[in-house]
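Accompanying notes for the structure given below.
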Amino acid sequence: FPGSAPSLSLTMSKSLDICGEFGREMDATISAIIEDGRGILAADESTATIGKRFETINLPNVEDNRRAYRELLFTTGGDVGKYVSGAILYEETLFQKASNGVRMVDLMKERGIIPGIKVDKGVVTLPGTDNETYTVGLDGLGKRCQEYYAAGARFAKWRAVYTITDKLPSELCIHSNAEGLAYYAATCQENGLVPIVEPEVLMDGNHSIERSMEVTIEVLNSVFKSLADHHVNLERILLKPNMVYSGTS
């Protein structure tokens, strides 16, 4: 592609490590998650989303069925932990017990699967924009992270979404979501959770691959600037970037 990403100088205070006593444990979590040949299972469907899937097989969307479905994922035959290093859970699952009375997170740990948790509360329309979105869920996040850690979670996920057109995403959308991701990441690290930082530039639209690259560079620069401003330890995050791709519609 023509051109190059603008340079971004990031500095972190050597005297400030917000991970504190959790640092070494977080390092071990990251090493296990990114181990060769293994990956993360996303099992964090909301109650509404999983209900749509159950509807296709005429299965009632009740807690017992949701528990049985998630239990099936984590107790499937064979050495599932050989291929799955971590699993992102919906809050309900994190605190559930399997049919045999064992906590779901303990079933996962027995198989070498690290429990994670989705902590964002979805997206809302960002005022003052052309229907762009902002991810919510920061209120009470610190207390929730403490509860999630105590329940066995060791990493978390937060997703921000950006739409591409000739004029979007706006600077307001880019900056607001970058600040949200950074506040989330800092809060997670202070409470022992490795944050997955997910700024997702959507493929929807008729944009070119060059436009996708341009927006992705701008978004990532903004995100990492905010992460540095919030003193997030960049060596103790997991970045989930989008693919740079031409529009799919």
Quiz item: Does region 201-218 hold any residues that are over 16 Å from the mean Cα position of the chain (by Cα) and crowded, with 20+ Cβ neighbours inside 10 Å, and which are they?
Solution: H207, S212, V215, T216
Practice problem: Mind listing whichever residues of region 14-55 are open to solvent by 70 Å² or more (accessible area, probe 1.4 Å), in a loop (DSSP other than H, G, I, E, B) and under 28 Å from L72 (Cβ atoms)? | Solution: I34, E35, D36
Self-check item: Pick from region 143-189, criterion within 19 Å of F224 (Cα to Cα) and of a type in the set (D, E, K, R), ranking: least open to solvent (accessible area, probe 1.4 Å)
Solution: K157
Quiz item: Of these, D139, D166, D130, which one is modelled with pLDDT under 95 and more than 13 Å from the chain's Cα centre (by Cα)?
Solution: D166
Quiz item: Quick one: S85 ticks every box in (1) in a strand (DSSP E or B); (2) at pLDDT below 95; (3) not β-branched (V, I, T) bar one, so which box is it?
Solution: (2)
Quiz item: With G112, G78 as the choices, which residue is in a loop (DSSP other than H, G, I, E, B) and over 21 Å from I196 (Cα atoms)?
Solution: G78
Quiz item: Are any of the residues in region 144-154 touching a Phe, Trp or Tyr at 6+ places or on another chain (Cβ under 6 Å), in a loop (DSSP other than H, G, I, E, B) and in contact (Cβ under 8 Å) with a residue 40 or more places away in the chain?
Solution: no
Quiz item: What about L202, is it within 30 Å of Q96 (Cβ to Cβ) and not small (G, A, S)?
Solution: no
Exercise. Looking only at region 115-142, count how many residues are open to solvent by 50 Å² or more (accessible area, probe 1.4 Å) and not in a loop (DSSP other than H, G, I, E, B).
Key: 5
Quiz item: How many residues does region 56-66 hold that are part of a helix (DSSP H, G or I) and surrounded by 13 or more Cβ atoms within 10 Å (Cβ to Cβ)?
Solution: 2
Quiz item: Can you tell me which residues in region 105-121 are over 30 Å from G78 (Cβ atoms) and either among the polar types (S, T, N, Q) or touching a residue at least 40 places away in the same chain (Cβ under 8 Å) (or both)?
Solution: V119, D120
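To keep it simple, each residue is scored yes or no on (1) among the aliphatic types (A, V, I, L, M); (2) farther than 17 Å from I114 by Cβ.
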residue: L141; (1), (2): yes, yes
residue: Q146; (1), (2): no, yes
residue: A151; (1), (2): yes, no
residue: R154; (1), (2): no, no
residue: K157; (1), (2): no, no
residue: V161; (1), (2): yes, yes
residue: I164; (1), (2): yes, yes
residue: K167; (1), (2): no, yes
residue: L172; (1), (2): yes, yes
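The values are calculated or read from the model by the stated rules, or taken from the named source; none is laboratory data. As the structure is a computational prediction, the values presented were derived from the model and not from experiment. Every residue, glycine as well, gets a Cβ built from its backbone with ideal geometry; the counts of neighbours run over all protein chains shown. Keep in mind that these areas ignore ligands, DNA and RNA; they rest on the heavy atoms of the full protein, side chains included. Shrake-Rupley method; radii C 1.70, N 1.55, O 1.52, S 1.80 Å.
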